[in-house]
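Q: To start, I am sharing the structure in question, which I have written as C-alpha coordinates.
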Amino acid sequence: MKHPQIVAAIFDMDGLLLDSERMALSCWHDAARELGHEIDPAVPLGMVGMHSSKTLAYLREQLGDDFPCEHLRERTHEIYLTRSEAGIALRPGVLALFDWLEAHDIRKAVATSTRRSIAEHHLHKAQLWHRIEFAVCGDEVSQPKPAPEIYQKAITQLGVSAAQCVVFEDSNFGVQAGHSAGCRVIMVPDLRDPLEHVKALGIEIVSSLDAAQTLLNSEIKA
(Lines give C-alpha, C1' and ligand atoms only; values in the text may rest on other atoms or scores of the structure.)
Protein backbone atom coordinates (compact mmCIF):
# COMPACT_ATOMS: atom_id res chain seq x y z
CA MET A 1 0.00 0.00 0.00
CA LYS A 2 1.39 3.41 -0.97
CA HIS A 3 0.99 6.09 1.68
CA PRO A 4 1.00 9.87 1.26
CA GLN A 5 4.25 11.63 2.07
CA ILE A 6 4.61 12.04 5.83
CA VAL A 7 5.44 15.51 7.11
CA ALA A 8 4.74 15.01 10.83
CA ALA A 9 4.93 12.25 13.42
CA ILE A 10 2.73 12.23 16.51
CA PHE A 11 3.79 10.03 19.41
CA ASP A 12 1.99 8.56 22.36
CA MET A 13 4.19 8.75 25.46
CA ASP A 14 3.65 5.98 28.04
CA GLY A 15 4.70 2.57 26.78
CA LEU A 16 5.78 4.05 23.44
CA LEU A 17 8.45 6.65 24.18
CA LEU A 18 8.87 5.86 27.88
CA ASP A 19 9.05 2.46 29.56
CA SER A 20 6.50 3.63 32.11
CA GLU A 21 3.75 1.03 31.82
CA ARG A 22 5.66 -1.72 33.64
CA MET A 23 6.43 0.65 36.48
CA ALA A 24 2.78 1.68 36.63
CA LEU A 25 1.66 -1.95 36.90
CA SER A 26 3.98 -2.54 39.84
CA CYS A 27 2.61 0.60 41.52
CA TRP A 28 -0.95 -0.76 41.31
CA HIS A 29 0.07 -4.04 42.89
CA ASP A 30 2.17 -2.43 45.62
CA ALA A 31 -0.63 -0.01 46.50
CA ALA A 32 -3.11 -2.89 46.69
CA ARG A 33 -0.80 -4.82 49.04
CA GLU A 34 -0.49 -1.76 51.28
CA LEU A 35 -4.28 -1.88 51.54
CA GLY A 36 -4.18 -5.59 52.38
CA HIS A 37 -5.27 -6.94 49.00
CA GLU A 38 -3.91 -8.84 46.03
CA ILE A 39 -5.41 -7.93 42.66
CA ASP A 40 -5.49 -9.99 39.50
CA PRO A 41 -2.71 -8.89 37.08
CA ALA A 42 -5.39 -8.54 34.39
CA VAL A 43 -7.00 -5.63 36.28
CA PRO A 44 -4.20 -3.04 35.98
CA LEU A 45 -3.27 -4.43 32.58
CA GLY A 46 -6.76 -3.49 31.40
CA MET A 47 -5.99 0.16 32.15
CA VAL A 48 -3.04 0.42 29.76
CA GLY A 49 -3.74 3.44 27.57
CA MET A 50 -6.85 4.36 29.57
CA HIS A 51 -7.49 7.98 30.53
CA SER A 52 -7.46 8.60 34.29
CA SER A 53 -11.07 9.84 34.19
CA LYS A 54 -12.21 6.31 33.34
CA THR A 55 -10.13 4.30 35.78
CA LEU A 56 -12.34 4.61 38.88
CA ALA A 57 -15.43 3.27 37.12
CA TYR A 58 -13.32 0.50 35.60
CA LEU A 59 -11.89 -0.48 38.99
CA ARG A 60 -15.33 -0.60 40.59
CA GLU A 61 -16.57 -2.77 37.73
CA GLN A 62 -13.61 -5.14 38.10
CA LEU A 63 -13.17 -5.20 41.88
CA GLY A 64 -16.66 -4.45 43.18
CA ASP A 65 -18.17 -1.57 45.09
CA ASP A 66 -16.89 -2.91 48.43
CA PHE A 67 -13.26 -2.64 47.35
CA PRO A 68 -11.48 0.62 48.35
CA CYS A 69 -11.06 1.60 44.70
CA GLU A 70 -10.66 5.33 45.23
CA HIS A 71 -8.05 4.82 47.92
CA LEU A 72 -6.25 2.33 45.67
CA ARG A 73 -6.14 4.80 42.81
CA GLU A 74 -4.89 7.64 45.02
CA ARG A 75 -2.15 5.55 46.62
CA THR A 76 -1.05 4.16 43.26
CA HIS A 77 -0.72 7.70 41.93
CA GLU A 78 1.40 8.71 44.94
CA ILE A 79 3.73 5.74 44.51
CA TYR A 80 4.00 6.40 40.76
CA LEU A 81 4.94 10.06 41.25
CA THR A 82 7.62 9.14 43.77
CA ARG A 83 9.17 6.46 41.57
CA SER A 84 9.08 8.57 38.42
CA GLU A 85 10.71 11.60 40.02
CA ALA A 86 14.17 10.50 38.95
CA GLY A 87 13.02 9.87 35.38
CA ILE A 88 11.84 6.90 33.34
CA ALA A 89 13.88 4.88 30.87
CA LEU A 90 13.26 5.30 27.16
CA ARG A 91 11.80 2.50 25.09
CA PRO A 92 14.27 0.92 22.66
CA GLY A 93 14.73 2.78 19.39
CA VAL A 94 13.36 6.18 20.46
CA LEU A 95 16.52 8.21 19.96
CA ALA A 96 17.42 6.55 16.67
CA LEU A 97 13.91 7.19 15.32
CA PHE A 98 14.01 10.83 16.45
CA ASP A 99 17.38 11.24 14.74
CA TRP A 100 15.98 9.72 11.54
CA LEU A 101 12.89 11.94 11.57
CA GLU A 102 14.99 15.04 12.11
CA ALA A 103 17.35 14.03 9.29
CA HIS A 104 14.32 13.87 6.98
CA ASP A 105 12.74 17.13 8.24
CA ILE A 106 9.70 15.32 9.66
CA ARG A 107 8.13 17.28 12.50
CA LYS A 108 7.40 15.70 15.90
CA ALA A 109 4.68 16.13 18.52
CA VAL A 110 3.29 14.13 21.43
CA ALA A 111 -0.34 13.26 22.17
CA THR A 112 -0.58 11.64 25.59
CA SER A 113 -3.43 10.76 27.92
CA THR A 114 -1.20 11.83 30.82
CA ARG A 115 -1.90 15.23 32.37
CA ARG A 116 0.38 18.09 31.29
CA SER A 117 2.29 18.58 34.56
CA ILE A 118 3.36 14.93 34.61
CA ALA A 119 3.95 14.62 30.86
CA GLU A 120 6.21 17.67 30.75
CA HIS A 121 8.15 16.41 33.76
CA HIS A 122 8.69 13.00 32.18
CA LEU A 123 9.66 14.37 28.77
CA HIS A 124 12.08 16.89 30.27
CA LYS A 125 13.71 14.19 32.41
CA ALA A 126 14.01 11.94 29.35
CA GLN A 127 15.68 14.77 27.36
CA LEU A 128 12.91 14.60 24.75
CA TRP A 129 11.03 17.83 25.42
CA HIS A 130 13.39 20.02 23.36
CA ARG A 131 13.10 17.58 20.44
CA ILE A 132 9.33 17.92 19.95
CA GLU A 133 7.32 20.95 18.88
CA PHE A 134 4.58 20.53 21.48
CA ALA A 135 2.46 18.08 23.43
CA VAL A 136 -1.31 17.74 23.68
CA CYS A 137 -2.15 16.20 27.05
CA GLY A 138 -4.97 14.26 28.63
CA ASP A 139 -6.25 17.15 30.76
CA GLU A 140 -6.69 19.26 27.63
CA VAL A 141 -9.34 17.17 25.91
CA SER A 142 -12.96 16.44 26.79
CA GLN A 143 -13.09 13.10 24.96
CA PRO A 144 -10.06 10.91 25.73
CA LYS A 145 -8.67 8.06 23.65
CA PRO A 146 -10.13 6.02 21.93
CA ALA A 147 -11.94 9.18 20.76
CA PRO A 148 -9.89 11.06 18.13
CA GLU A 149 -9.99 14.49 19.80
CA ILE A 150 -6.42 14.49 21.11
CA TYR A 151 -5.02 13.67 17.67
CA GLN A 152 -7.33 16.12 15.96
CA LYS A 153 -5.97 18.85 18.23
CA ALA A 154 -2.40 17.86 17.44
CA ILE A 155 -3.11 17.87 13.69
CA THR A 156 -4.71 21.31 13.93
CA GLN A 157 -1.75 22.68 15.87
CA LEU A 158 0.66 21.24 13.31
CA GLY A 159 -1.35 22.91 10.54
CA VAL A 160 -1.20 19.88 8.25
CA SER A 161 -3.71 17.30 7.03
CA ALA A 162 -4.35 14.05 8.90
CA ALA A 163 -3.14 12.10 5.86
CA GLN A 164 0.26 13.74 6.20
CA CYS A 165 0.69 12.50 9.79
CA VAL A 166 1.91 9.18 11.11
CA VAL A 167 0.82 8.22 14.62
CA PHE A 168 2.95 5.92 16.75
CA GLU A 169 0.99 4.07 19.43
CA ASP A 170 1.40 1.06 21.70
CA SER A 171 -2.15 0.74 23.06
CA ASN A 172 -5.42 -0.37 21.54
CA PHE A 173 -7.16 2.79 22.76
CA GLY A 174 -4.52 4.98 21.16
CA VAL A 175 -4.55 3.13 17.86
CA GLN A 176 -8.30 3.61 17.59
CA ALA A 177 -7.91 7.34 18.34
CA GLY A 178 -5.24 7.89 15.70
CA HIS A 179 -7.13 5.88 13.10
CA SER A 180 -10.39 7.72 13.78
CA ALA A 181 -8.55 11.03 13.36
CA GLY A 182 -7.63 9.95 9.82
CA CYS A 183 -3.91 9.42 10.38
CA ARG A 184 -1.69 6.60 9.30
CA VAL A 185 -1.06 4.53 12.43
CA ILE A 186 1.93 2.35 13.25
CA MET A 187 1.35 0.23 16.34
CA VAL A 188 4.29 -0.89 18.47
CA PRO A 189 2.64 -3.12 21.10
CA ASP A 190 4.19 -3.07 24.56
CA LEU A 191 2.30 -4.90 27.31
CA ARG A 192 -0.87 -5.76 25.41
CA ASP A 193 -1.25 -7.37 22.02
CA PRO A 194 -3.55 -5.72 19.48
CA LEU A 195 -7.17 -6.77 19.85
CA GLU A 196 -8.97 -8.33 16.93
CA HIS A 197 -11.14 -5.29 16.25
CA VAL A 198 -7.99 -3.15 16.23
CA LYS A 199 -6.25 -5.48 13.78
CA ALA A 200 -9.35 -5.20 11.58
CA LEU A 201 -8.63 -1.48 11.14
CA GLY A 202 -5.78 -2.43 8.82
CA ILE A 203 -3.15 -0.49 10.75
CA GLU A 204 0.51 -1.45 10.56
CA ILE A 205 1.87 -3.45 13.50
CA VAL A 206 5.61 -3.74 14.09
CA SER A 207 7.70 -5.26 16.86
CA SER A 208 9.74 -2.18 17.76
CA LEU A 209 10.45 1.46 16.97
CA ASP A 210 13.54 0.25 15.14
CA ALA A 211 11.28 -1.79 12.88
CA ALA A 212 9.05 1.25 12.38
CA GLN A 213 12.06 3.29 11.30
CA THR A 214 13.09 0.59 8.85
CA LEU A 215 9.57 0.57 7.42
CA LEU A 216 9.52 4.33 6.87
CA ASN A 217 13.04 4.37 5.52
CA SER A 218 12.20 1.73 2.93
CA GLU A 219 9.34 3.89 1.65
CA ILE A 220 11.53 6.96 1.26
CA LYS A 221 14.08 4.94 -0.68
CA ALA A 222 11.42 3.33 -2.90
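The values are calculated or read from the model by the stated rules, or taken from the named source; none is laboratory data. Every value quoted in this text rests on a predicted model; they were computed, and no experiment measured them. All Cβ positions, glycine included, derive from the backbone under ideal geometry; neighbour counts span all protein chains shown. All accessible areas refer to the heavy atoms of the entire protein, side chains included, with ligands and DNA or RNA removed. Shrake-Rupley method; radii C 1.70, N 1.55, O 1.52, S 1.80 Å.
Q: Enter the accessible area per residue of segment 95-220 (Å², integer; probe 1.4 Å; all protein chains in place).
A: The answer is 42 Å² per residue.
Q: Could you point to the residue in ALA126, PHE98, ALA162 farthest towards the positive end of segment 88-166's charge dipole, with +1 and -1 charges on the Cβ of Lys/Arg and Asp/Glu respectively?
A: So the residue furthest toward the plus end is ALA126.
Q: Treating only the Cβ atoms of Lys and Arg (+1) and Asp and Glu (-1) as charged, compute the dipole magnitude of segment 70-206 about its Cα centre; round to the nearest 20 debye.
A: Dipole about the Cα centre, nearest 20: 40 debye.
Q: What are the principal axis extents of the Cα atoms in the chain, in Å, biggest first?
A: 58, 37, 30
Q: Largest first and in whole Å, what are the equivalent-ellipsoid semi-axes of segment 124-167 based on the Cα gyration tensor, each being the root of 5 times an eigenvalue?
A: Equivalent-ellipsoid dimensions as semi-axes: 19, 15, 9 Å.
Q: Determine, from the Cβ-Cβ distance of THR156 and ALA89 and an R0 of 30 Å, the FRET efficiency 1/(1 + (r/R0)^6), rounded to the nearest 0.05.
A: The computed FRET efficiency comes out at 0.40.
Q: Given the chain, what percent of its DSSP beta bridges are antiparallel, to the nearest 5?
A: Of all bridge pairs located within the chain, approximately 5 percent are antiparallel.
Q: Right, next: With 27 Å as the cut-off, how large is the P(r) tail for segment 44-170, expressed as percent of Cα-Cα pairs?
A: Counting every Cα pair in segment 44-170, those more than 27 Å apart make up 27 percent.
Q: Quick query: amide H of VAL136 versus all other amide H atoms, modeled in the peptide plane; which residues come in under 5 Å with a sequence gap of 5 or more or a different chain?
A: Long-range HN contacts for VAL136: VAL110, ALA111, THR112.
Q: I would also like to ask the following. Mind jotting down the three principal axis lengths of segment 146-222 based on Cα atoms? Whole angstrom, largest first.
A: Principal-axis extents of segment 146-222 (Cα, largest first): 32, 29, 19 Å.
Q: Pull up the cross-link candidates among the lysines for LYS199, meaning alpha carbon to alpha carbon under 29 Å and not fewer than 8 places away within one chain.
A: LYS2, LYS54, LYS108, LYS145, LYS153, LYS221
Q: Given segment 1-85, report the % of alpha carbon pairs whose separation exceeds 22 Å.
A: Counting pairs separated by more than 22 Å, the tail of P(r) holds 32 percent.
Q: I need the phi-derived Karplus couplings for segment 77-86: 6.51 cos²θ - 1.76 cosθ + 1.60, θ = phi - 60°, integer Hz, Gly and Pro marked x.
A: 4, 4, 5, 4, 4, 5, 6, 8, 4, 7
Q: Next up: Of all the accessible heavy-atom surface of segment 50-144, with the other protein chains kept in place and a 1.4 Å probe, what percent is carbon and sulfur?
A: After summing per-atom areas, the C and S share lands at 48 percent.
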